[in-house]
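Here is the structure we will look at.
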């Protein structure tokens, strides 16, 4: 059996870009063209540079997903800032294991499902915009929680948390949808954080400070 799989179709372009990025790219490119036609070189060059950066930010590279049945993979590119057992949380019934991943503006921001199962609830809450690497950001910032029940009946939750610069959370899955590990399910614009809440007996394979990739890095295993 192949130890890797891919839930999404491979991209047909050499530099795939997430659909959510196209309005930003078109607006910046259009403004750059207007300034160029007006003979305003410096603003035109600056906006062209901004357009190229936006393309870079919204890149959406293909990923090859580990296929081990109990594997829980990273939902985001970034750096682990929390990996610990906690007692109480609004995102899990009873004690659980929490992993937080901080994404800076240079990371890929496409979010992926950590483990296959059924989406049983989606809970979006408006809030503040503290820096996403602060402890209070997980509860007080604008966030969107995706609750999943796995095929084995275990529960987990993925929380998209807006950051200091981020002002838009995108979630493309719906309640009742059956999702696959590594499937793309959303994006947070311009710097943010993802929190994953897992069963208390989760066997963790990462630690604070580790760098991870969405869909590829193994966070651990649900026993």
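In the elastic network of the chain, a GNM with C-alpha springs shorter than 10 Å, the most mobile of 142, 151, 116 is 151.
For the chain, the relative contact order is 25 percent, taking Cα pairs closer than 8 Å that sit 6 or more residues apart in sequence and dividing their mean separation by the residue count. Taking the chain as the reference, fit the longest principal axis to its C-alpha atoms, fit the long axis of helix 41-57 to the helix C-alpha atoms, and give the angle between the two in degrees, 0 to 90, nearest 10. So the inclination is approximately 20 degrees. Could you tell me how far the Cα centroid of the stretch 64-121 sits from the Cα centroid of the stretch 26-46, in Å? Going from one Cα centre to the other spans 40 Å. Only helices enter the 222 nm calculation for the chain: every DSSP H run of n ≥ 4 contributes -39,500 (n - 2.57), and dividing by all residues gives -5000 deg cm²/dmol, rounded to 500. Taking 0.36 nm per residue of separation and subtracting the Cα-Cα distance, full extension of the segment from residue 106 to residue 52 would add 18.2 nm.
Rg and Dmax, both from the Cα atoms of the chain and both in Å, are 18.4, 64. When a/c reaches 1.5 or more, the comparison of a/b and b/c decides; with that in mind, is the stretch 168-213 rounded, prolate or oblate per its Cα gyration tensor? Because a/c hits 1.5 or more and a/b fails to exceed b/c, the stretch 168-213 counts as oblate. Were the residues from residue 123 through residue 33 laid out at 0.36 nm apart, the gain over their Cα-Cα distance would be 28.3 nm. By how many degrees, between 0 and 90 and to the nearest 10, does the Cα long axis of helix 22-37 differ from the longest principal axis of the chain? The answer is roughly 10 degrees.
Just so you know, all these numbers are worked out from the coordinates, no wet-lab data involved. Just so it is clear, the model here is predicted, and its values are computed rather than measured.
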